[in-house]
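Engineer: One structure is given below, represented as structure tokens, and several questions about it will come after.
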Amino acid sequence: NGEQAITRQWTRLGLQLPLHRLCGVFYTHVGFYLNQVLMTSALQTFAFMCAFFALGQRLDLGFADGAVGVSASYFGLLYLVFVTASMIPLLLETWVEEGLRAAFGSVANSLLSLSPVFAAFQSKMMAFYFEATVHYGGAQYIPTGRGLATAREPFVKLFQTFAASHMQDGMELAAFLCFGAAVSYQWPFYLCMSFSIYSWTLAPFLFNPRQFDCPQQAWRDLGDWAAWMCAPGLDPGEAWVAWADRQQQVRRHVSVLWLLMPSARFLAACCSTVLVLVLAPVGPFEPTLAWAGALVAVTPPMAHIVICLLAAPVVGCWRG
């Protein structure tokens, strides 16, 4: 789907289809995957802002109050309506076909089977691979086989498969929340962030068959993972160093389309800069120390943006 999003066929559809049909096609194809990218990027953006404005309290410019207001407006009634709207189609369909009791039973069964955890994990996976395909290309088919749903995978295999797409971003969110612990962003914010961290980091183990049936096997998997992390070698299956190097190989083919779909960190820096300028606007240029001091508030996120813009093409050319 990432490769399809940048083809000429979509350009033809956009030019020839009427608006109502184009919206339907976009929503069920490219728009659906783009929505997953925006959702995951929004979570990473809010986590970055949480840490940045909490650490910026010492500037005494009211940053924390503005950030709390933004997070409360997003993770309040609006987020509750979004979650409710996602469950309404299943509820109404089951209600019409089997009755009200069966409808509520279906919703309860989905919650007890941890379907929301799997849905958050699946959303992150679609967002990661869609964005990576648009940025770097190289879409590949991964044969899963029929035994995937019932076969137990070792910890090392799960880490190799989901670390780059889920676990690293989940731990990054957790680190940002720790840095932002000095400010209270209200319980809905922490509930949504904790749920995302839990889903991104632990879902592969929750849905791995017979993961914790045998404690000895779990400890053996942990030992194998520690040995894999420390082992030297050139085989990605035998050493973490080789695996990490292979993860960077795809970045040699970076595309200029990353400007149309920037990374979550770049988006976080841009949003933080806008909020900083709203809370502490910089006046017209004056050759005074007061005007230079006003730039201190804008320097951290703006410097992050400049570094991202300058480093991306340089790193891409060096790796190429």
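Each reported figure results from applying straightforward, stated rules to the coordinates on display, with no laboratory input. The structure presented is a predicted model; accordingly, all values stated were derived computationally and were not measured. Please note: Cβ atoms are built from the backbone with ideal geometry, for glycine as well, and neighbour counts cover all protein chains shown.
Engineer: What spacing in nm lies between the two simple spin-label points modelled at GLN248 and ALA227, each 7 Å away from Cα in the Cβ direction?
Structural biologist: In this crude label model, GLN248 to ALA227 measures out at 2.7 nm.
Engineer: So, R0 is 45 Å and r is the distance between the beta-carbons of CYS214 and LEU15; what FRET efficiency does that work out to, to 0.05?
Structural biologist: The calculated FRET efficiency here is 0.15.
Engineer: In addition: Using 7 Å Cα-to-Cβ label points, what is the ARG8/PHE207 separation (nm, one decimal)?
Structural biologist: Here the modelled spin labels are 3.8 nm apart.
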